[in-house]
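Each remark here refers to the structure printed beneath this line.
The values are calculated or read from the model by the stated rules, or taken from the named source; none is laboratory data. Worth saying up front: this structure is predicted, and the values here are computed from it rather than measured. Neighbour counts run over all protein chains shown; Cβ positions are idealised from the backbone, glycine included. Note: accessible area is taken over every heavy atom of the protein model, side chains too, but ligands, DNA and RNA are not part of it. Shrake-Rupley method; radii C 1.70, N 1.55, O 1.52, S 1.80 Å.
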Amino acid sequence: MNAEMNGSVEVHTITAETATDAKAVLMLAEFETADQLMDAATSMRDKGFKLWDCHTPYPVHGLDTAMGIRPTLLPWIVLCGGITGFCGGLLMQGWMNAVDYPFLISGKPFFSIPASIPVAFELTILLSAFASFGGMLALNGLPRFYRPHFRSDRFRRATADRFFISIDGRDRQFDIGANSRFLRDLGANAVEVIEE
Amino acid sequence: MKRLLEALKPILRPELTGNAESPEVDNTAYSPDSRVDLITGGNDNTTITDKVCSIVEDKPTIGWWGFFLLAFSVLGLLGIFVPFLIFWGVGTWGVNNPVGWGYAIVNFVFWVGIGHAGTLISAILFLFRQKWRTSINRAAEAMTIFAVICAGMFPGIHVGRAWFAYWMFPLPNQMELWPNFRSPLLWDVFAVGTYFTVSLLFWYMGMIPDLATLRDRAKNSVRKIAYGALSLGWTGSNRQWHVYERSYLLLAALATPLVLSVHSVVSFDFAVSQVPGWHTTIFPPYFVAGAIFSGFAMVLTLLVPARQLFGLKDVITLKHLENMNKIIMLTGMLVGYAYSQEFFMAWYGGVKVEKFAFINRAFGQYAWAYWIMVSCNVLAPQIFWFKKMRTNIWVMFVVSIFVNIGMWFERFVITVTSLANDYTSSAWDYYTPKLADVMIMLGAFGLFFTLFALFCRFLPFIAMSEVRGVLADQAHSREAALARHSSEADSASGSQGEN
């Protein structure tokens, strides 16, 4: 029986004999529409699941609240990037043109704030953008090229036209039998188990 | 001939000859109580995905090959004339003693300006929640990147001794001297450098979910590995979407002041000098308006044929094109207003040499260039007052070409007329480009169109994930409208009953 379960073999009717909780790393439930997913996500949150996620082909409005996701720290990271860029830009210009090798040109002061604003501004934007992109990758744990999700053929449509809920095998409430019944009741049209 | 057509049939896809699958739908009618459909043709998530991915997955059409090979051969001009320039020096150009800034600067400003529409569409329209941006933002952002690549090439080669181009960067030279931060030319390096980097990040980040779609549909291992690596292991996780969307919003908010600053800083190259005709405070806003104007024209030049070729008339609809035409008309009039204000200020300011500079622009030795500029930029877009004209793809394509020409001439007029006739009449001269000038200008167009052709072929042309969001909104608003109608009907019948 277990041989069938290797790889991404789909388990339509899951019983305790066909899949073992010990080997399972992930459960995937497929939904047809975003509305179904939204209701299911609310129920998942209310049931107290912790290590679970929704997978959608586009950002679905309201799903963050339905899942109970707390606001991200990202804006603060970007603010730090911006402040670093601005101060760094001013210091760089002052140090290069007024301290390390001062040279007089057209009688202009070695260092002045107005003349330094354009470069400082551009560096503010540049470092903020790096912080925004880099922060997004870091907070999302990207790049991470292997995910158990990719072993499911069905899951390929998560980036096109289907909606998924995944439950991590390490979740405290992870139980193949109970969870698959629960997900089916929520309207999932297929439930899969990904084993090690 | 008939035989040849017969043989070409397998390569000649219907898209090439007007795609039957995506008929032109007029969705430009205004109705006060419901929003128009931005995506027509009854598309849903599945068909949109198939449609956009097929551009990358199917064999390229003969139309694509023709476009690519033509662009690539024009790019070859750069391969010939840039080494020639580096070997012989800037003497191969037509620049002379008063006119030290010739085509190189004209092209630089032109290409940086082209890029601005891409950022306006991707960032500013995003902040304003303009949903119609989603069908065109990917291609427009690609255009921005490629235009800035073309622009960036010119400062690199016009320094004459290209091996010293690193002097532009904040690095000490062989005498341990740092670059001069009190010069707008150096501000420009930072502005354009930042602009390129941020645009690239924004473009790439927006593409990650769509690259994941291509990865998940990939049939062969080259595609699996390439798109797999580029999509960074994206699973469409909502916890990731949450951070991603916030990051995208922040990048849009950062790109908005950035794009306004870039052409402002480019205009400082002129405005901070004391050359008559350049030393004006109107330059920053005037340059930014012109940049957006020219950029939108280039977006149209690219998208009108592309939507035809790739069968995307139901995704990039007439409504999208009409909106862009309205922006072209508005920014065209802003530019026209700036032209008139320059004259007013020259007269009102009472500086003799300024007054001369502007009269000389319009009626001097470069009057021909000035009037090409005015007719292309100010007069041509006026046709868009008529709805029939701004929803006609032939008219808009022709106007977009006129605007491209006009905006190139605007930079030519600004750069050359002021330098050729400045304070001392004994130093005046007439600038005529040489062969290398013209060929490098053409070669830059080749580079631009080659990169764009490759983009169409290998990357998702439409921001699929965003279009899916628009489709969902469209479905919701349709449901809401239905519900409203039925409840209105109910209450109408109810009140009748009471009476």
Only one of B:V438, B:V395 that is aliphatic (A, V, I, L, M), closer than 30 Å to B:V56 by Cα and surrounded by fewer than 20 Cβ atoms within 10 Å (Cβ to Cβ): B:V395
Taking the range B:355-387 and keeping only residues that are among the charged types (D, E, K, R) and either in contact (Cβ under 8 Å) with a residue 60 or more places away in the chain or closer than 14 Å to B:F412 by Cα (or both), one is left with B:R361, B:K387
Would you be able to tell me the number of residues in the range A:53-67 that are part of a helix (DSSP H, G or I) and open to solvent by 50 Å² or more (accessible area, probe 1.4 Å)? 1
With the condition kept exactly as written, say whether any residue in the range A:96-106 is at pLDDT below 90 and at positive phi. yes
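Is it fair to say A:S128 is facing chain B (nearest Cβ under 7 Å) and assigned to a helix (DSSP H, G or I)?
Judged against the criteria, A:S128 is a match.
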Of all residues in the range B:214-263, which are in contact with an Asp or Glu (Cβ under 9 Å, 6 or more places away or on another chain) and of a type in the set (K, R)? B:R217, B:K219, B:R223, B:R239
Being hydrophobic (A, V, I, L, M, F, W, C), modelled with pLDDT of 90 or more, more than 28 Å from B:G152 (Cβ to Cβ) and open to solvent by less than 50 Å² (accessible area, probe 1.4 Å) narrows it down to one of B:V413, B:V403, B:V467, so name that one. B:V467
Of all residues making up the range B:262-281, the number that are buried (at least 23 other Cβ atoms within 10 Å of the Cβ) and at the interface with chain A (Cβ under 10 Å from one of its Cβ atoms): 2
Checked the range A:126-148 for anything crowded, with 21+ Cβ neighbours inside 10 Å and either among the small types (G, A, S) or on the phi > 0 side of the Ramachandran plot (or both); matches are A:S128, A:A129, A:A131, A:S132, A:G135
Of all residues in the range B:451-464, which are open to solvent by 30 Å² or more (accessible area, probe 1.4 Å) and of a type in the set (F, W, Y)? B:F458
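Residue-wise test of (1) of a type in the set (V, I, T); (2) farther than 30 Å from A:V191 by Cβ; (3) in contact (Cβ under 8 Å) with a residue 60 or more places away in the chain.
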position: A:T42; (1), (2), (3): yes, no, no
position: A:G62; (1), (2), (3): no, no, no
position: A:I69; (1), (2), (3): yes, no, no
position: A:G85; (1), (2), (3): no, yes, no
Looking at the range B:165-185, I want the residues that are more than 12 Å from chain A (Cβ to nearest Cβ) and have a partner that is part of a loop (DSSP other than H, G, I, E, B) and open to solvent by 50 Å² or more (accessible area, probe 1.4 Å) with Cβ atoms under 8 Å, at least 6 apart or on another chain. Which pairs are those? B:A165/B:V159; B:W167/B:V159; B:M168/B:V159
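Within the range B:424-443, does at least one residue satisfy the condition of being polar (S, T, N, Q), more than 27 Å from B:Y339 (Cβ to Cβ) and more than 14 Å from chain A (Cβ to nearest Cβ)?
Here is the first cut: in the range B:424-443, the ones polar (S, T, N, Q) are B:424-426, B:432.
Narrowing the set further to residues that are more than 27 Å from B:Y339 (Cβ to Cβ) leaves B:426.
Subset that is more than 14 Å from chain A (Cβ to nearest Cβ): B:426.
Among the residues of the range B:424-443, at least one is polar (S, T, N, Q), more than 27 Å from B:Y339 (Cβ to Cβ) and more than 14 Å from chain A (Cβ to nearest Cβ), which makes the answer yes.
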So which of B:V222, B:V192, B:V259 is more than 16 Å from A:R147 (Cα to Cα), open to solvent by 10 Å² or more (accessible area, probe 1.4 Å), more than 7 Å from chain A (Cβ to nearest Cβ) and touching a Gly at 6+ places or on another chain (Cβ under 9 Å)? B:V192
Take the range B:26-56 and flag every residue that is free of Cβ contacts under 8 Å to residues at least 60 places away in the same chain and of a type in the set (A, V, I, L, M). B:A29
Residue in the range A:68-105 that is nearest to the other protein chains (Cβ to nearest Cβ), counting only those that are surrounded by fewer than 17 Cβ atoms within 10 Å (Cβ to Cβ), within 15 Å of A:L123 (Cβ to Cβ) and under 38 Å from the mean Cα position of the chain (by Cα): A:L79
Picking from B:L419, B:L435, B:L451, which residue would you name as being under 30 Å from B:F126 (Cβ atoms) and not aromatic (F, W, Y)? B:L451
Only one of B:L125, B:L211, B:L201, B:L120 that is within 26 Å of the chain's Cα centre (by Cα), open to solvent by less than 40 Å² (accessible area, probe 1.4 Å) and free of Cβ contacts under 8 Å to residues at least 40 places away in the same chain: B:L125
Condition met for A:V25 (open to solvent by 30 Å² or more (accessible area, probe 1.4 Å), in a loop (DSSP other than H, G, I, E, B) and at pLDDT below 90): no
Of residues in the range A:149-180 being out of contact with any helix residue (DSSP H, G or I) (no Cβ under 9 Å at 6 or more places or on another chain) and either without any contact (Cβ under 8 Å) to a residue 40 or more places away in the chain or at the interface with chain B (Cβ under 10 Å from one of its Cβ atoms) (or both), the one least open to solvent (accessible area, probe 1.4 Å): A:A178
Which residues, taken from the range A:106-125, are more than 7 Å from every other protein chain (Cβ to nearest Cβ) and either open to solvent by less than 20 Å² (accessible area, probe 1.4 Å) or among the charged types (D, E, K, R) (or both)? A:A120
